[in-house]
1. Here are some residues: GLY214, GLY200. Which one is of a type outside the set (A, V, I, L, M, F, W, C), under 25 Å from ILE71 (Cα atoms) and either part of a helix (DSSP H, G or I) or over 22 Å from the mean Cα position of the chain (by Cα) (or both)?
2. Pairs only if they're at least six apart or on different chains, beta carbon under 7 angstrom, first in the stretch 8-23 and without any contact (Cβ under 8 Å) to a residue 24 or more places away in the chain, second surrounded by 15 or more Cβ atoms within 10 Å (Cβ to Cβ) and hydrophobic (A, V, I, L, M, F, W, C); list them, first residue then second.
3. Limited to the stretch 106-165, what total is found for residues that are within 26 Å of the chain's Cα centre (by Cα), of a type in the set (A, V, I, L, M, F, W, C) and open to solvent by 60 Å² or more (accessible area, probe 1.4 Å)?
4. Quick one: ILE70 ticks every box in (1) under 23 Å from the mean Cα position of the chain (by Cα); (2) farther than 19 Å from GLY113 by Cβ bar one, so which box is it?
5. Which numbered condition trips up THR99, out of (1) crowded, with 17+ Cβ neighbours inside 10 Å; (2) of a type outside the set (Phe, Trp, Tyr); (3) closer than 20 Å to ALA16 by Cβ?
6. So, in the stretch 12-37, exactly how many residues are open to solvent by 80 Å² or more (accessible area, probe 1.4 Å) and farther than 26 Å from TYR53 by Cβ?
7. Could you tell me which residue of the stretch 83-96 is surrounded by the most Cβ atoms within 10 Å (Cβ to Cβ), considering only residues that are free of Cβ contacts under 8 Å to residues at least 60 places away in the same chain and more than 18 Å from TYR171 (Cβ to Cβ)?
8. Applying the selection to the stretch 114-133, what residues are charged (D, E, K, R) and in a helix (DSSP H, G or I)?
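The values are calculated or read from the model by the stated rules, or taken from the named source; none is laboratory data. All values reported here derive from a predicted model rather than from experimental measurement. Positions of Cβ are generated from backbone atoms using ideal geometry, with glycine treated the same way; all protein chains shown enter the neighbour counts. Accessible surface is based on the protein model in full, side chains and every heavy atom, while ligands, DNA and RNA are left aside. Shrake-Rupley method; radii C 1.70, N 1.55, O 1.52, S 1.80 Å.
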Amino acid sequence: MDTKTRLLTTYRGLNAAEKLIAINITVFAVISIYNAIFYSFSGGAHATFFTDYFALKNGWTEVLYKPWTIITCAFLHASFGHLLSNCIVLYFSGRIFFTFFTEKQFITVYAYGILAGSLFFLLAYNFLPTFKGTEATAVGASAAVLAILVAGATYAPNYIVNLFGLIQIKYWIIAILLVISYISYIPYGNAGGHYAHIGGALIGFFYSKQLMNGNDIGIGFERFWNKLTNLFSRKKKSPLKTVYKNKETKRSTTTTAQSTTEKQRKVDSILDKISKSGYESLTKAEKDFLFKAGKEN
């Protein structure tokens, strides 16, 4: 098995949370290598390509020209520490999430978390007085990760988590403490990011509450996701190949039937010879043929 096949096999064996972690790490590695090469050959200048084209800017004009940034911003990270913290929380919150939900629901909540985080970021910077006239950029999967965590904590608030392997604490307490911490940090830096976190937390809470009330607000997205995955996984079948296979099957069946009939006729002929002249009258070839036919039957 070559390296590519081994990697693909390993990737397919991961759950949705682990796949997203792998994707985020890969994207960060690619961008880091690109930035390092650009810095080394540009006289110390820093590359801005990925930030310019894939990060979410707070201006509505930027969003209209680059609408994909509402999603792609969640796959960029400002630093290795930023990436690491998101991956760790996603891994453990994902394990708890899969105890109560499906992988499709995980993808739905994660996607909703990205959208809610981006929306809250844009609303905060465009409608709150304190941000008037300022420019900001949003990157990171924190809103989506928090949506997963809060959704799980809302659905199973009394689930016991062994924090650091030492402290047993109810899941809802962890969720509440994280949300409060983000709110408390708003006046002291990364305000837009923290508003995005709140958006992710709210959509996670709302999703679980609605599901508990019998209303699945993610069903529309799940259907869209099914169509999207089916579109990329569908393999085109050639009608010529199908006809060819059918003909081959029929031909093979006919040939086998003819061979069996001829063999039976030869056996009957040899048996007639034995009945008339005895076994010793058979040639060596006839004896071998009869012996093989007897073994096959």
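1. Working: GLY214 fails: under 25 Å from ILE71 (Cα atoms).
Exactly one residue qualifies, and that residue is GLY200.
2. TYR11/ALA22; LEU14/ALA22
3. 3
4. The single condition ILE70 does not satisfy is (2).
5. (1)
6. Counting residues in the stretch 12-37 that are open to solvent by 80 Å² or more (accessible area, probe 1.4 Å) and farther than 26 Å from TYR53 by Cβ gives 1.
7. Selected residue: LEU83.
8. Initially, the stretch 114-133 is screened for residues charged (D, E, K, R), giving 132.
None; the set is empty.
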